[in-house]
Amino acid sequence: QVRGDLALANAQELINKMNEKCFTKCVPKPGYRLESGEKTCLSKCMDRYMEAWNVVSRTYVNRLQEETRQHGN
Amino acid sequence: QVRGDLALANAQELINKMNEKCFTKCVPKPGYRLESGEKTCLSKCMDRYMEAWNVVSRTYVNRLQEETRQHGN
Amino acid sequence: QVRGDLALANAQELINKMNEKCFTKCVPKPGYRLESGEKTCLSKCMDRYMEAWNVVSRTYVNRLQEETRQHGN
Amino acid sequence: MVKEFSEAEQRELSKFLENENAKAQIQRSIHTFTDLCWDKCVGKIGNKLDRSEEQCLSNCVERFLDTSLFIVNRLEEVKNKL
Amino acid sequence: MVKEFSEAEQRELSKFLENENAKAQIQRSIHTFTDLCWDKCVGKIGNKLDRSEEQCLSNCVERFLDTSLFIVNRLEEVKNKL
Amino acid sequence: MVKEFSEAEQRELSKFLENENAKAQIQRSIHTFTDLCWDKCVGKIGNKLDRSEEQCLSNCVERFLDTSLFIVNRLEEVKNKL
């Protein structure tokens, strides 16, 4: 239960952030519908955001591990 | 009680947002007092913010109703 | 316990804000290490931020006291 | 000191709370959208929102919700392909 | 395992907690104002806040509070006219 | 209705919860860093993050953590001098 809640909160937060960042980047002037160019941009932006999330995640976890190793537990 | 709390939280949040947005727009260089021009701007800004809140509110609620209608309950 | 929690939360929030503000001001282009110029800037920025915190704190508390005096209570 | 609720009362209460929760969530969203779309759509403060500002606010909310749906649907697709 | 409190102790405790709550609220406000006014008032990082930065910070807090009062008073007026 | 836990189970449970708490904290940090460093490092949306954007993201996280350490250490020093 706790574990499921955590995964869910994590996914929800990722979606919220992508929504905000990609809306800002891809829909600067909201019109009467999402244009196909905007949708293409949104797809790419989602992929880029997840890549960025992975880079950040890897960097941070490596750093945590290194610091744990250096300072003992 | 719950209902009252909700209305209160809602009003408080509206006041906080207006405070932040209208201070930014109307008092770019804070001086030794609120000048009368700044007060005029604040009054108008409050009215505009509430108008905007109403437009957003109407649009969002319409959309929610439409989606509920389309997807059944 | 409550009092300790409060002091701790306060210190933590001050550190978080300084971190964010001073990183933005002093490390606009993060490189392969913190350069000595960046560290000098961070030290100064921390001191300025704490000065600003003190000015804000003094101003706000004075104002609260004045308002309490005026309106009785 | 703690009042005992019958089962019917408990159901009533939990439905009431669920409803209030949904309302609170909707109000939070309205504040978030107004914040975001105000910055995007409202320029100089005039005597009324002009036609184009109103239209921009309404489009801003609609497209933001479209974006949200687009993202969720695309994530579903990706998940199903795995 | 749960300590019993006398009525007097309970009053004492709830006053203490109220006080601590007020203090916590004030500290949160100070952080919020410092955040906002720092962005408005502090430019290049020097060896000391200069006179005009300090004045700007203090005016920023005062005018922000004035704005807050102005808003609440005006909303009261509008409500009373209804 | 409330299950009784043995002492061993309680220890197990509290270790599990602590672990989950630490994980949740790490995930919150990852979201915060991605937010901050995305704005700093990612420009036009291309078909892939380019080499310099990736490097910028990684440096951004590392320098942000360095800044955090720098601040905490300097505050410790100041406190010890008092």
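Any idea what the dipole of chain D comes to, in debye rounded to 20, about its Cα centre with Lys/Arg Cβ at +1 and Asp/Glu Cβ at -1?
On the way: 13 positive and 15 negative charges, 66 e Å.
Charge dipole of chain D: 320 debye, to the nearest 20.
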Requested in this report: State, to one decimal in nm, how far the label point of E:E20 lies from the label point of E:D50, with both points 7 Å from Cα in the Cβ direction.
Outcome: 4.5 nm
Query raised in the report: Which value, in debye to the nearest 20, describes the size of the charge dipole of chain C about its Cα centre when Lys and Arg Cβ atoms bear +1, Asp and Glu Cβ atoms bear -1, and nothing else is charged?
Result: 180 debye
Query raised in the report: In straight Cα distance, which lysines are under 28 Å from E:K15, not counting same-chain residues fewer than 8 positions off?
Result: D:K3, E:K3, E:K23
Requested in this report: Starting from the Cα of F:K81, step 7 Å along the direction of its Cβ; do the same at E:T32; then give the gap between the two resulting points in nm.
Outcome: 3.4 nm
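Semi-axes, largest first, in whole Å: what does sqrt of 5 times each Cα gyration tensor eigenvalue give for the protein assembly as shown?
On the way: eigenvalues 221, 221, 202 Å².
Over the Cα atoms of the protein assembly as shown, the semi-axes work out to 33, 33, 32 Å.
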Query - For the protein assembly as shown, with +1 on Lys and Arg beta carbons and -1 on Asp and Glu, the positive-most of A:Q70, E:F70, E:C60 along the dipole - result: E:C60
Requested in this report: Have a look at E:E53, E:E62, E:E12 and tell me which one the Gaussian network model of chain E (Cα, springs below 10 Å) gives the largest fluctuation.
Outcome: E:E12
Report summary line: Filtering trypsin sites (Lys or Arg not before Pro) in the stretch A:1-58 by DSSP loop and by at most 13 other Cβ atoms within 10 Å leaves A:R33
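Using only Cα atoms, what Kirkwood radius does the stretch B:2-70 have, in angstroms?
On the way: mean 1/r = 0.0706 Å⁻¹.
Across the stretch B:2-70, the inverse of the average 1/r is 14.2 Å.
As a footprinting exposure proxy, order F:S52, E:S29 by other Cβ within 10 Å, with the fewest listed first. Mind showing how you got there, number by number?
Working: F:S52 10, E:S29 17.
Ascending Cβ contact count within 10 Å gives the list F:S52, E:S29.
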Query raised in the report: Which whole-Hz ³J(HN,Hα) couplings does the stretch A:39-46 yield from phi under the Karplus relation 6.51 cos²θ - 1.76 cosθ + 1.60, θ = phi - 60°, glycine and proline marked x?
Result: 5, 4, 4, 4, 4, 4, 4, 4
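With 10 angstrom as the radius, rank E:I71, B:I15 by how many other C-beta atoms surround their C-beta, starting from the fewest. Could the numbers behind the result be given before it?
Values: E:I71 22, B:I15 15.
Neighbour counts put them in this order, fewest first: B:I15, E:I71.
Please get the size of the charge dipole for the protein assembly as shown, origin at its Cα centre, with Cβ charges of +1 on Lys and Arg and -1 on Asp and Glu, quoted in debye to the nearest 20. Spell out each step's value before the answer.
Values: 75 positive and 72 negative charges, 332 e Å.
That gives the protein assembly as shown a dipole magnitude of about 1600 debye.
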**Report entry** Cα-only radius of gyration and Dmax that characterise chain F, units Å
**Finding:** 20.5, 58
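With respect to the cross-link table entries D:K40/F:K44; C:K17/E:K48; E:K48/F:K40; B:K39/E:K44, which display a Cα-Cα separation exceeding 22 Å?
From D:K40/F:K44; C:K17/E:K48; E:K48/F:K40; B:K39/E:K44, over 22 Å: E:K48/F:K40; B:K39/E:K44.
We did not get these values from a lab; they are worked out from the coordinates using the rules stated. Since the model is a prediction, treat every value here as computed from it, not as a measurement. A quick note on method: Cβ atoms are made from the backbone with ideal geometry, for glycine too, and the neighbour counts reach across all protein chains shown.
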